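Structure record follows, encoded as structure tokens.
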Amino acid sequence: MPAADYLVTIGLEVHCQIRTATKMFCSCRAGFGYAPNTNVCPTCLGMPGALPVLNEYAIERTILAGLLLGCSIPPVSKWDRKNYFYPDMPKNYQTSQLDLPLCIGGSVPLYEWNFPAGAAVSQAEAGVVRRVKLDHIHLEEDAAKLTHFAGYSLVDYNRGGTPLMEIVSAPDLHTPDETYAYLKSLQQIMVCAGISNADMEKGEMRCDVNVSLRPKGQEKLGEKIEMKNINSMSAARRALIYEIHRQAEELDAGIAQEQSTRRWDDTLGESIVMRTKENAHDYRYHTCPDLIPIHTASLVQKVRQEIPELPDARRNRLIAEFGLPAADAATLVADAALYDFFEQTVDAGAPARKAANWVINTLTAVLADKETDAAKCPVTPHHLAGIIDIVEQGIVSTNQAREVLDLIWGHPELDAAAAADQLGFKKTDAGALEMLVDAVLAENPDMVELVRAGNTKLINALTGKVMKASNPKPNPKLVTQIIISRFPGI
Ligand code: ZN
Ligand code: MN
């Protein structure tokens, strides 16, 4: 029986670190990139007798996520201990939520622009965005980070105790492409609302996928196979394509599937079985005696006042209000720091399309080059607006503007005009530049003849000669324009 004769059911558990200053149950700093084991205290190291203190802001952010996704927020939510013995959790239990989570139900929209290129977009009906049902969202603490070497492992407890939201979908996804769109849409919502940076490369968002197959016509879901800790959206898609194919082949051959956990190896492109059957009772869940239940009414009321713009509204606004191309709008919606930079550049007076172009193309390239991100960039939106302005005024060319940007990077006290000045870029006196062009043409009669005969490539060489002869350096585009004006009819 071909794979097409099976019904595929996919469910996702997405862990998302909440963007907070401190951890979930202590005042240690939360965040990525600190020296190992420097942000720790007796509470997050699980010392006997150390008691937890709740991070109210993390609870509010989880409620905000729930409200954005249409979840209901029960009036009372409680904490449970999930027991397991492993060095990433020094208390030997994770403080989590089992049966009274903060958010229940809800759904995630599959924004059409988030499907992989060429994929069929799933819609509820023509023109209506399909929404994938959620089971619930609960709040818990992240485990420490283990790094394995040959024969030993190292543990960094900085991550241990970071507020972590777990977003559990219903078994309501059906294809690898939908799963990809789900992860991307969910990520954009978290980023847009400022709830999480949700950077999968940094482990701020991680996902476990489970998938089962059953023959068409069969009511009961097939045995589900789970794949844990998949660390990119495209890996989730590849893992599912592989796993659906593998299960269909085995079912065809009469091999029944057993509920199990497999590890996806993205380099090998295959999944390997880790363990079979694992149920909630294995964790001996019980109510946490150290934490009283949360009464949510006043928090919900507070959070309702601050519902932010969702990605589809933001994207549509960028297209309608600023005339941005759809692809640029989607790029800005997917990266909160980049979006903020863009918005502030526009506020500083730059035309929106130019600002988007600079932020998306040049700034991201420079940031990648310097291995940093927009939030830590020494070049400010104000600087960038200044750079765009001197390009517009013809004081510098686009290439020269890159040099201006590089100079400001090391000298953020300079504004764009001062940096251009220091590099010798000045607005050229148009009359003087025309005279210089004519002089250079007069000095190079052979080249002029060849250009007249149709060898237009030499215009670049002539531009180079004019550039060499000028001080301060004019905008090369302007030089080329003047040269071309000397050859009517080419
Ligand atoms: Zn701590
Ligand atoms: Mn979890």
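The values are calculated or read from the model by the stated rules, or taken from the named source; none is laboratory data. Note that the structure is a prediction, hence the values are computed from the model and not measured. A quick note on method: Cβ atoms are made from the backbone with ideal geometry, for glycine too, and the neighbour counts reach across all protein chains shown. These area figures cover heavy atoms from the full protein model, side chains too; ligands, DNA and RNA do not enter into them. Shrake-Rupley method; radii C 1.70, N 1.55, O 1.52, S 1.80 Å.
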Q) Any idea which of 225, 195 is within 18 Å of the chain's Cα centre (by Cα) and buried (at least 17 other Cβ atoms within 10 Å of the Cβ)? A) 195
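Please verify whether residue 429 is more than 19 Å from residue 191 (Cβ to Cβ) and either free of Cβ contacts under 8 Å to residues at least 12 places away in the same chain or assigned by TED's automatic domain parsing to the domain that holds residue 196 (or both), treating the condition exactly as stated.
Numbers: more than 19 Å from residue 191 (Cβ to Cβ): yes; either free of Cβ contacts under 8 Å to residues at least 12 places away in the same chain or assigned by TED's automatic domain parsing to the domain that holds residue 196 (or both): yes.
Considered against the rule, which asks whether it is more than 19 Å from residue 191 (Cβ to Cβ) and either free of Cβ contacts under 8 Å to residues at least 12 places away in the same chain or assigned by TED's automatic domain parsing to the domain that holds residue 196 (or both), residue 429 comes out as yes.
In the range 440-470, how many are assigned to a loop (DSSP other than H, G, I, E, B) and either open to solvent by less than 40 Å² (accessible area, probe 1.4 Å) or touching a Lys or Arg at 6+ places or on another chain (Cβ under 9 Å) (or both)?
Total meeting the criteria: 2.
Please enumerate the residues belonging to the range 337-363 that are open to solvent by 50 Å² or more (accessible area, probe 1.4 Å) and part of a helix (DSSP H, G or I). Break it down into steps so the answer makes sense when it comes.
Of the range 337-363, the ones open to solvent by 50 Å² or more (accessible area, probe 1.4 Å) are 340, 343-344, 347, 349, 351, 353-354, 357, 361.
Across the range 337-363, the qualifying residues are 340, 343, 344, 347, 353, 354, 357, 361.
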Q. In the range 287-311, how many are at pLDDT 95 or above, in contact with a strand residue (DSSP E or B) (Cβ under 9 Å, 6 or more places away or on another chain) and either buried (at least 17 other Cβ atoms within 10 Å of the Cβ) or not assigned by TED's automatic domain parsing to the domain that holds residue 192 (or both)?
A. 4
**Q.** Residue tally, condition assigned to a loop (DSSP other than H, G, I, E, B), open to solvent by 20 Å² or more (accessible area, probe 1.4 Å) and aliphatic (A, V, I, L, M), over the range 109-128
**A.** 5
**Q.** Selection count where residues are under 20 Å from residue 337 (Cα atoms) and part of a helix (DSSP H, G or I), scope the range 377-405
**A.** 9
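Please find, within the range 8-43, the residue that is nearest to ligand 1 (Cβ to nearest atom) out of those that are within 30 Å of residue 251 (Cα to Cα) and aliphatic (A, V, I, L, M).
First, pick out the residues of the range 8-43 that are within 30 Å of residue 251 (Cα to Cα): 8-14.
From what's left, aliphatic (A, V, I, L, M): 8, 10, 12, 14.
Numbers: 8: 43, 10: 36, 12: 30, 14: 25 Å.
Top of the filtered list is 14.
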(Q) Of all residues being away from ligand 2 (no atom under 16 Å from the Cβ) and not in a strand (DSSP E or B) in the range 93-108, which is surrounded by the fewest Cβ atoms within 10 Å (Cβ to Cβ)? Just the residue, please. (A) 105
